[in-house]
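Below is one structure, written out as structure tokens; comments come after it.
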Amino acid sequence: MATIGIPKGMFFFEYSSIWEEFFKILGFEVILSQDTNRKIMDDGIKCCSNETCLPVKVFHGHVMSLKDKVDYVFIPRYQSTGKNEYTCPKLCGLPDMIAVNLGDQIKILEIKINMNSCRDETKESLVKLAQTLKIDSEKVLKAFNATWERHTQLMAKKNKANVKKEVNNKNVIILLGHPYMIYDNFISMRLIEKLERKNIEVFTPWDIDYETKRRNAHPYQGKTFWDIGFELLGSAFTCAKDERVKGIVYLTPFACGLDAFIMEFIELDIKSKNQGLPILKLTVDEHTGEAGFDTRLEAFIDMIG
Ligand code: SF4
């Protein structure tokens, strides 16, 4: 049986378990890349143009680290994960970017996730994957449906469990950013750990239930928009009304077009409603020094008291 590599970047932070489980059900050996480190980042940077955002560069490094260990590298094409919700063009085109930059060094396996209108595209991509791996397509469809269903149920349960977090009189900060930014310890420079060491309770968008975020993402409800936009705007506006929350930290990679808009919308809304919630923007790229990053964070923590 072939060996499948899964890079620990981008989609991995929200969907890792389903893909690992999916390939294991089909009988394949799965190898995950290591956690992000300096070498992975440096290798990724060498493959990409300067204008590429940091997480995509890092993702290239993860793929590079797998290239000699596996038969195929799995790179899903997330286009849409819900009705009227689309991903960033770089996520939609991630398998193409990797094929252009590294295609002669690896074999890519892809599944297209389009939950807005074209579920048939997902099915077609699963049939194609079955042909590539020379296995029965019915078996692949069944494994996909089972793992996706389990993932959906797990997320629903997690959301319900987290909607009202106990904070034990601690100050709370809402940490905004893409999951592949805030949950990657190397890229985020262990930001969550640093805040928690200062006795701060950290909320992230994934601590707030889906319906609340969509309801509060005014005025974008019902419109076609980025899924991460709903997540971040909805979380910021939910937390702005929560008196436990003393500030917003927004972690963003240099060159993220989506964040440039979303951050602006959040700042304008909070200022216009005079909610007075302090906001710290932390922009990181491959040259960001940890000392300067920590100094800004500590000044912010002192300010919110
Ligand atoms: S949303 Fe931003 S960080 Fe994520 S892939 Fe797109 S440009 Fe890069």
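Structural remarks
- Condition met for residue 15 (within 16 Å of the ligand (Cβ to nearest atom) and either part of a strand (DSSP E or B) or over 22 Å from residue 124 (Cβ atoms) (or both)): no
- Taken together, 196, 201 contain a single residue that is out of contact with any Leu (no Cβ under 6 Å at 6 or more places or on another chain), over 15 Å from residue 283 (Cα atoms) and free of Cβ contacts under 8 Å to residues at least 12 places away in the same chain, which is 196.
- Top-ranked residue in the range 54-70 [being under 24 Å from residue 129 (Cβ atoms) and not hydrophobic (A, V, I, L, M, F, W, C); ranked as nearest to the ligand (Cβ to nearest atom)]: 60
- Residue in the range 71-86 that is more than 14 Å from the ligand (Cβ to nearest atom), surrounded by 20 or more Cβ atoms within 10 Å (Cβ to Cβ) and more than 17 Å from the chain's Cα centre (by Cα) present: yes
- Selection within the range 260-294 - within 30 Å of residue 43 (Cβ to Cβ), touching a residue at least 12 places away in the same chain (Cβ under 8 Å) and not β-branched (Val, Ile, Thr): 263, 281, 282, 285, 286, 290, 293, 294
- Test: residue in the range 127-144 that is of a type outside the set (D, E, K, R), at pLDDT 85 or above and within 21 Å of the chain's Cα centre (by Cα): yes
- When the test is whether a residue is more than 20 Å from the chain's Cα centre (by Cα), surrounded by 13 or more Cβ atoms within 10 Å (Cβ to Cβ) and at pLDDT 90 or above, residue 247 passes it.
- Screening residue 208 against (1) under 14 Å from the mean Cα position of the chain (by Cα); (2) crowded, with 19+ Cβ neighbours inside 10 Å leaves a single unmet condition, (1).
- Residue count for the range 38-53 under the criterion of being more than 16 Å from the ligand (Cβ to nearest atom) and in contact with a helix residue (DSSP H, G or I) (Cβ under 9 Å, 6 or more places away or on another chain): the result is 5.
- The selection criterion, being among the charged types (D, E, K, R), more than 16 Å from the ligand (Cβ to nearest atom) and closer than 25 Å to residue 78 by Cβ, does not hold for residue 197.
The values are calculated or read from the model by the stated rules, or taken from the named source; none is laboratory data. Keep in mind it's a predicted model, so treat the numbers as computed, not measured. Neighbour counts run over all protein chains shown; Cβ positions are idealised from the backbone, glycine included.
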